[in-house]
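Every number here is computed from the coordinates shown, using simple stated rules; none is lab data. These numbers were taken from a predicted model, which means no experiment stands behind them. FYI the Cβ positions are ideal-geometry reconstructions off the backbone, even for glycines, and counts take in every protein chain you see.
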Protein chains: 2
Amino acid sequence: MSARLELIALAGIPRVEPGDDLAALIARALADNDLVLRADDVVVVAQKIVSKAENRYCRLAEVEPGPRALDLARQADKDPRLVELILRESREVVRVRPGVIIVEHRCGYVHANAGIDRSNIHTDPDDPRVLLLPQDCDASARALRSGLEAQCGVAPHVLINDSAGRAWRTGTVGLALGCAGFDPLFNQIGDSDLFGNRLEVTEPAVADELAAAASLVMGQAAEGLPVVLARGLSLRPAARDASALLRPRHMDMFR
Amino acid sequence: MSARLELIALAGIPRVEPGDDLAALIARALADNDLVLRADDVVVVAQKIVSKAENRYCRLAEVEPGPRALDLARQADKDPRLVELILRESREVVRVRPGVIIVEHRCGYVHANAGIDRSNIHTDPDDPRVLLLPQDCDASARALRSGLEAQCGVAPHVLINDSAGRAWRTGTVGLALGCAGFDPLFNQIGDSDLFGNRLEVTEPAVADELAAAASLVMGQAAEGLPVVLARGLSLRPAARDASALLRPRHMDMFR
């Protein structure tokens, strides 16, 4: 028996604007790509277009930095207004160095700059704006799943991904910020391996692995391919969402 | 334009034994799966079968734990002989907690238990043995690439992956331990995005993303699918190998 996973970045997703119905845009792109959605497909959506559809833009001119933001901005050599937004979006500052502020986002992800983005944003140099992460990525994934079911007649798995840096390693990888329909951690703990040994640590973070896989085909510099259809995996349905991927603070050895 | 990546876990890779010629085994499995290797394919191989072919087994009965291993074994509640091997395979102990020893492996990866494996190893309960990581995964990847070129007439990209835990997040993901033929970090720093903004941090760790993608189809509990053909990406050839994915010690904020 072999196994096969196909990742198809959809052509034809238009530039997303606040208020756009992502489910409708994706349903149209699937049809234009001659793809019929199946219930075991995973629709992977780049965080950036979810944020745009949800109008998570923020004009820096409207932000008044507080004393803590001014202080951190000096340490990190960043725009104090951006730092103010980073702090508002965060629970805890984890590390500060020149050029980088790593925080625990209010949704629990440890993320540089609270995931606030300045690239691929249509912005006026005299009135710059930035794009925050969605209010609640798991809720956005659930809503998109319902929307796709309404549009296409089947409810696929949905995953919202973003690129993030890691401890110990260079480069960024796609990570799962929100998901709906499938278990983000395919739990095999307690199973036996081929030789009857009890497996010790074998809980793969499938949602993160899928987020990374989709990121490969989404590309990085162009915003043209922010939706990927992943087909071929057999995932476990589950009640847990992407928040299960967050290691509880007291069990985290690396803060 | 759409983009498409296909990951095919090869059926028919036999149980690997010390001294086996992995290139020959893979070439045969490709033929049996009616696949003709292309120069832009990536052949992803699970670390475990590389270690087995290179006979990186170690009988615990032959290991004499030193005083440091005995002390650490008490702290971590682990077999002192296993801890002795972990220390021999490492440059630095990063964290110790009951049940876990996180080290910097001598090749630079920050890895629990130095990547030493006890699962999926055919072992006698009265004479247990473990499996160490390969001596040098980048060298193993280069050798496998040459071997595949000799067998198949084209030199594909090669990637050796393993599953590992992360800071901050639960579950394991596939990571790149060694690679050959392609640039593990597709460097777009300095490019402009769709709107002419200069991209700030956009160096995706493509080798790690591919390692994660392949891990999805390799499965975890069964050793049946340790080789994955990844087809459809356009990767940059490069002189750098997987060691470029290791963040230099002095730039690492999370030790």
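Using only helices, what value at 222 nm comes out for the protein assembly as shown when you add -39,500 (n - 2.57) per DSSP H run of length 4 or more and divide by the total residues, to the nearest 500 deg cm²/dmol? Calculated mean residue ellipticity at 222 nm is -8000 deg cm²/dmol.
Per-residue shielding of B:171-179, expressed as the average number of other chain Cβ atoms within 10 Å of the residue Cβ, stands at 5. Averaged over the residues of peptide A:37-44, the number of Cβ atoms from other protein chains lying within 10 Å of each residue's Cβ is 0. The residue list A:Leu10, A:Gln75, A:Ala31 was ranked by how far each Cα lies along the charge dipole of chain A toward its positive end, using unit charges on Cβ atoms, and A:Gln75 comes out on top.
Partner shielding of B:6-17 amounts to 3, given as the average count of beta-carbon atoms from other chains within 10 Å of each residue beta-carbon.
Over the range B:1-78, the fraction of Cα-Cα pairs per 5 Å bin, rounded to whole percents and listed from the shortest bin up, is 3, 11, 16, 15, 12, 10, 8, 8, 8, 6, 2, 1, 0.
The mean sequence distance of close C-alpha pairs (under 8 Å, at least 6 residues apart), as a share of the length of the range B:57-131, puts its relative contact order at 29 percent. Scaled against 2.2 N^0.38 Å for its residue count N, the alpha carbon radius of gyration of the range B:57-131 is 1.03. What net charge is computed for the residues neighbouring B:Arg38, neighbours being all others with C-beta under 15 Å from the C-beta of B:Arg38, Lys and Arg scored +1, Asp and Glu -1? Around B:Arg38, the surrounding residues sum to -2.
Distances between placed amide hydrogens fall under 5 Å for B:Trp168 paired with A:Met253, A:Phe254, all partners being 5 or more residues away or on another chain. Charge tally around A:Val206: other residues with Cβ under 10 Å, Lys/Arg +1 each, Asp/Glu -1 each, net -3. Treating each Cα of chain A as an identical point scatterer and ignoring solvent, apply the Debye formula and state log10 I(q)/I(0) at q = 0.11, 0.12 Å⁻¹. So the normalised log intensities work out to -0.63, -0.74.
Largest first, the three principal axis extents of the alpha carbons in the range B:40-85 are 49, 21, 13 Å in whole numbers. A Cβ-based charge dipole, computed about the Cα centre of the protein assembly as shown with Lys and Arg at +1 and Asp and Glu at -1, lands at about 960 debye. Rounded to the nearest 20 debye, the dipole size of chain B about its Cα centre is 540 debye, using +1 on the Cβ of Lys and Arg and -1 on the Cβ of Asp and Glu. Using Cα-Cα distances under 8 Å and only pairs 6 or more residues apart, what relative contact order does chain B have, in percent? Across chain B, relative contact order equals 26 percent. Rg/Rh, computed from the Cα trace of the range B:1-142 with Rh as the Kirkwood radius, has the value 1.06. Just so you know, the Rg over Rh for the protein assembly as shown is 0.97, from Cα atoms, with Rh as the Kirkwood radius. Taking 30 Å as the straight-line reach from the Cα of A:Lys78, the lysines in range (excluding those fewer than 8 positions away in the same chain) are A:Lys48, A:Lys52. Less than 11 Å Cβ to Cβ from B:Gly66, Lys/Arg counted +1 and Asp/Glu -1: what total charge do the surrounding residues give? Spelling it out: positives minus negatives among the neighbours equals 0.
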